[in-house]
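Quick note: the coordinates plus some simple rules give every number you see, no bench work behind them. As the structure is a computational prediction, the values presented were derived from the model and not from experiment. Cβ placement follows ideal geometry from the backbone for every residue including glycine, while neighbour counts extend to all protein chains displayed.
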């Protein structure tokens, strides 16, 4: 891993103190004497795949720290695990230096994939010319002149920065006169069963054509569009296809008058694309239309373009969790959500608080946001660049994307959301849903951690992420907030991190645990804080007792995860009444495994859940030996 730092006033007596963190643990240090400007150095991260790190770089002289900066590091072999998706949308003639500048800026935000929006010639004929003799220029559907050298240059620059280059196109789009290129009219979709009203997407009269929809299940169309896509990929070194659609079109029919259910065509089409092209695939589920079907197909991650009625911050979280459910927690989510869209018809500046609150909610829920390209995205027509970012917003977003990478193993690497949330012991209202005048808190369990998120809506003017009036204010900073949560397990450590504080560096917090209640004070909250409670591994858990663990033990259940049964194994050191119950993760009683007097010794009991019990995480609670309780989690895979 190569780093470089540029100094405003380098001096020989200065030193860089570099610390590398994985979550809250410092894993390595480096000291580098300032001998030149810029300063270059390398760091070899641990070999574990799919890890996020945060590097803290402090410039010091002989007596004090002069400045601090931070940058995150993603160690991942597959971009689809933690996708951070950006876009490109304009392809005039550009110099190599202009192309490299744009890609380098996106790389600083850790963008690892790019959607090449409307690079193509025609939707049904993406390559202009032939694979042997491709055109040097062509007009796209908006009659813009696109350059082959620019598209190819962007792809090369993306690859040099370890980004995937994804070719954008519809799965069913053709021009009005596409029959001249071999697209038969009887492949089209129709609004009536008598093929008298072809379905089309109306576009401005100054554009090359409206877009006519083709039946994605028609085998002749499938063969045609796969062949034309292969031609494009033979000339341009794309890594995959970003497949688009147009959402719910109402009742549709093929030429023979048979009803066509578009969502049911998506998975077979994607599977055929995978078979034919052997490439990366992503498909847009417009407002979740067809997402359940897309989630069963070989896509790299799930992508949703968000529209009304999913206007609220809560709806962003709901979409991400729905995608997690549909994909059985195997696919990440990227949302295209156009902040300040209502103002995008005129030049202006994006409202920074609206952008940061939208990103805070999306990132906290485990998703990513398609928003960064040659400009920030505020409209579904990606070349629209009327709204731009302030310099301050650019700096803040770099920190947010560093935070997304540094803590990706907490934010996007599994875990189960539940009904837990932090509760207030002060004047600030904390709720488990988004409300104006309050802080929104939600939580999830991940291995031996509980992760709480706090989103600040105390002085918000709207709970709609699009901020249509562009008046979402910058949140007031809240300080020294006393909070508490309930925990049936002993907390080993408590820490918090925020993209709004010290570059996202983790900070340990003092806390008090009395029984099942854990109290602490959140030092500061602006947009978004993350509070993490670490627990001992299940095999070592021994709560509410000062006895040595070997006196009374709950051994790890085996197997865990399990199906169809697991064995609960424990040790008593004296004759005692044993009661062992199973609870779900919400604390609801499920089953009594043991309730009897036992002598000292080791005991094993088999638990085979009822067939009606859903898969998920469950808690084994063993009570015995003077009322001491031991607990551990087990996972039932159904």
Q) What's the angle, to the nearest 10 degrees (0 to 90), between helix 219-235's Cα axis and the longest principal axis of the chain? A) 90
(Q) Using only the alpha-carbon atoms, how far is helix 391-406 inclined from the longest principal axis of the chain? Give it as 0 to 90 degrees, nearest 10. (A) 60
Q: Using only the C-alpha atoms of the chain, find the volume of their convex hull and express it per residue in Å³.
A: 181
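Assuming a ≥ b ≥ c are the square roots of the Cα gyration tensor eigenvalues, decide whether segment 214-320 counts as rounded (a/c under 1.5), prolate (otherwise, with a/b larger than b/c) or oblate. Before the final figure, lay out each step's value.
On the way: a/c = 2.33, a/b = 1.26, b/c = 1.84.
In terms of gyration-tensor shape, oblate.
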Q: Return the distance in nm (one decimal) between the two label points of a simple spin-label model at residue 585 and residue 510, each offset 7 Å from Cα along Cα→Cβ.
A: 3.4
Q) What's log10 of I(q)/I(0) for segment 2-75 at q = 0.11, 0.15, 0.18, 0.28 Å⁻¹, Debye sum over Cα points only, no solvent? A) -0.28, -0.51, -0.71, -1.41
Q) In whole angstrom, how far apart do the alpha carbon centroids of segment 52-107 and segment 294-369 sit? A) 22
Q: Please find the FRET efficiency linking residue 98 to residue 612, where r is the Cβ-Cβ separation and R0 is fixed at 45 Å, and quote it to the nearest 0.05.
A: 0.15
Q. Where in segment 1-32 does the label zone of residue 68 land, with the point 7 angstrom along Cα→C-beta and an amide N cut-off under 18 Å?
A. 15-32
**Q.** Under 17 Å from the residue 223 label point (7 Å along Cα→beta-carbon), backbone N, segment 248-285
**A.** 269, 272-273, 275-277
Q: Run the quick spin-label model on residue 330 and residue 258: label points 7 Å from Cα toward the beta carbon, then report their separation in nm to one decimal.
A: 2.9
Q. In nm, what is the difference between 0.36 nm times the number of residues separating residue 135 and residue 186 and their Cα-Cα distance?
A. 15.4 nm
**Q.** Pairwise FRET efficiency - residue 429 versus residue 574, Cβ, R0 = 60 Å, nearest 0.05
**A.** 0.80
Q. What is the order of 585, 634, fewest Cβ neighbours within 10 Å to most?
A. 585, 634
Q. Against the longest alpha carbon principal axis of the chain, how many degrees, from 0 to 90 and to the nearest 10, is the axis of helix 96-108 turned?
A. 20
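Given a Förster radius of 35 Å and the C-beta distance between residue 345 and residue 4 as r, what FRET efficiency does 1/(1 + (r/R0)^6) yield to the nearest 0.05?
Details: r = 41 Å, r/R0 = 1.16.
So the FRET efficiency works out to roughly 0.30.
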Q | Relative exposure of 511, 527, judged by other C-beta atoms within 10 Å (fewest first) | A | 511, 527
(Q) In segment 90-127, whose amide N lies under 18 Å from the spot 7 Å out along Cα-to-Cβ of residue 160? List them in ranges. (A) 93-114
Q: As a check on your grasp of the helix formula, calculate [θ] at 222 nm for the chain: sum -39500 (n - 2.57) over DSSP H runs of n ≥ 4, divide by the residue count, round to the nearest 500.
A: -5500 deg cm²/dmol
Q: List the relative contact order of the chain as a percent without decimals, with contacts defined as Cα pairs under 8 Å and 6+ residues apart.
A: 9
Q: Would you mind checking the radius of gyration and Dmax of segment 416-538 based on alpha-carbon positions, in Å?
A: 14.7, 50
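Can you put 524, 399 in order of Cβ neighbours within 10 angstrom, beginning with the fewest?
524, 399
Percent antiparallel among DSSP beta bridges with both residues in the chain, to the nearest 5?
Roughly 80 percent of the beta bridges in the chain run antiparallel, per DSSP.
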**Q.** Cα-based shape type of segment 223-263, given that a ≥ b ≥ c are square roots of the gyration tensor eigenvalues and the cut on a/c is 1.5
**A.** oblate
Q: Run through the DSSP bridge list for segment 1-157 and note the antiparallel percent, rounded to the nearest 5.
A: 90
Q) Label points 7 Å out from Cα along the Cβ direction at residue 179 and residue 201: separation in nm? A) 2.3
